[in-house]
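Data first, discussion second: the structure below is written as structure tokens.
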Amino acid sequence: MSETRPATHSGSWYSSNVSSLSALFSDIITEPEDNTSPKARIILAPHAGYQYCGRILGKAYSRLAIDANTTNIFVLGPSHHLYFQNRACVSKFRRCETPFGDLHVNTDITRELINRGIDNPFIYLEKEADKDEHCLEMQFSTIKYLLNKADNTHAKIIPILISHNVRNIDFAIGETLREYMDNDSHSLFIISSDFCHWGFRFDYTAYVHSNEELEKAYRECNKITQLQSAIQRKLTIPIYKSIEIIDKGAMRVLEDESGIEAYDAFKKYLEVTGDTICGERPLSVILCALGDKKTSFKWCAYSQSNQCTRLTESSVSYAAGYCVL
């Protein structure tokens, strides 16, 4: 079997044409207005088709400290097709194809992760499952474009899928990643995640009337209402505004707290709101990796695929986040 993961979503989820893709990235990845702020070693970027989330993706990568000195890039995402528990699945491939050329996987690190001994949560991801998954691939072209732009030919990636973990496994994975985070200041971490998936097709139709209602529910640990069980309620704000309140509530929790405190607050927030942030599990692992570091996420862009006004509609939200170490 090939040692190179094919770009299975190229030509459908994003353009396979180098010129078109270069023009897109040149347009969406620009220096932030407050360019005096230090670049970040951790970002959160969406993984939908670029036609839907490209602007938000670009805002996230504009904050990333990727340059000629970058060594390793850990790319973490949620498993959309393969269910597994208390594991972190690392790629078996040696290379990952992109329209800009192949990214090389750091097989020394993937081997280290796999061979960590008893009770080790890291295992290899089967190649067919790897090829099916889109969330990591949607970061690869952007990474390779920026490495090429920086004339960096030595940086390698470590692709990792996360599914359903109990708390102590999240912390075990996070503590392992912290070793690489702390021992190599030129290593980067990318969390691939969209935000709220709203609508009947996602089995999520939560609604709040205001920030105050949301904050009260969070304080009192009361789950917020789903619209299908309150269809007669008068909607005081459009559905898309309610979705934004719920998403930005999650952002606020991740901005107000750091490390382990952020992990606990985030888990509580998800329990109360049910917010369908598909990358909440890899994000949780990174919060564990941050440990007692006094740093938190900042947010530089947000959008929705559709501004829902009716219960029959649906949307996916996208956010750009970054964390400076």
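For residue 260, state whether it is more than 19 Å from residue 220 (Cα to Cα), in a helix (DSSP H, G or I), at pLDDT below 95 and not acidic (Asp, Glu). Quick ask: steps written out before the conclusion?
On the way: more than 19 Å from residue 220 (Cα to Cα): yes; in a helix (DSSP H, G or I): yes; at pLDDT below 95: yes; not acidic (Asp, Glu): yes.
Against the criterion (more than 19 Å from residue 220 (Cα to Cα), in a helix (DSSP H, G or I), at pLDDT below 95 and not acidic (Asp, Glu)), residue 260 qualifies.
So, in the range 224-275, of the ones that are of a type in the set (D, E, K, R) and touching a helix residue (DSSP H, G or I) at 6+ places or on another chain (Cβ under 6 Å), which residue ends up surrounded by the most Cβ atoms within 10 Å (Cβ to Cβ)?
Applying the first criterion (of a type in the set (D, E, K, R)) to the range 224-275 yields 233-234, 241, 244, 247-248, 252, 255-257, 261, 264, 267-268, 271, 275.
Then keep just the ones that are touching a helix residue (DSSP H, G or I) at 6+ places or on another chain (Cβ under 6 Å); that gives 257, 275.
Working: 257: 17, 275: 23.
Among those residues, the one meeting the criterion is 275.
Answer with yes or no whether residue 275 is outside any helix (DSSP H, G or I), among the acidic types (Asp, Glu), closer than 29 Å to residue 138 by Cβ and touching a strand residue (DSSP E or B) at 6+ places or on another chain (Cβ under 8 Å).
Working: outside any helix (DSSP H, G or I): yes; among the acidic types (Asp, Glu): yes; closer than 29 Å to residue 138 by Cβ: yes; touching a strand residue (DSSP E or B) at 6+ places or on another chain (Cβ under 8 Å): yes.
Yes.
Check off (1) at positive phi; (2) buried (at least 16 other Cβ atoms within 10 Å of the Cβ) for residue 47 and give me the number that stays unchecked.
(1)
When residue 217 is evaluated against the numbered criteria (1) in a helix (DSSP H, G or I); (2) of a type in the set (A, V, I, L, M); (3) under 19 Å from the mean Cα position of the chain (by Cα), which criterion, by number, is the only one it fails?
(3)
Condition (residue is at pLDDT 95 or above, more than 12 Å from residue 99 (Cβ to Cβ) and loosely packed, with under 12 Cβ neighbours inside 10 Å) applied to the range 15-26: is it met by at least one residue?
The answer is no; no qualifying residue exists.
Criterion first (farther than 20 Å from residue 178 by Cα and surrounded by fewer than 24 Cβ atoms within 10 Å (Cβ to Cβ)) does residue 281 satisfy it? Don't jump to the end; show me each part of the working.
On the way: farther than 20 Å from residue 178 by Cα: no; surrounded by fewer than 24 Cβ atoms within 10 Å (Cβ to Cβ): yes.
Judged against the criteria, residue 281 is not a match.
Just name the residue that is surrounded by the fewest Cβ atoms within 10 Å (Cβ to Cβ) out of those in the range 64-117 that are charged (D, E, K, R) and in contact (Cβ under 8 Å) with a residue 60 or more places away in the chain.
Going residue by residue through the range 64-117, those that are charged (D, E, K, R) are 67, 87, 92, 94-95, 97, 102, 108, 111-112, 116.
From what's left, in contact (Cβ under 8 Å) with a residue 60 or more places away in the chain: 67, 87, 94-95, 97, 102, 116.
Numbers: 67: 16, 87: 19, 94: 16, 95: 18, 97: 20, 102: 17, 116: 12.
Per the stated criteria, the residue is 116.
Since residue 2 meets every condition but one in (1) within 20 Å of residue 190 (Cβ to Cβ); (2) outside any strand (DSSP E or B), which condition does it not meet?
Here residue 2 clears every test but (1).
The values are calculated or read from the model by the stated rules, or taken from the named source; none is laboratory data. Model, not experiment: these values are computed from the prediction. Reconstructed Cβ throughout: ideal geometry from the backbone, glycine too, with neighbour counts over all protein chains shown.
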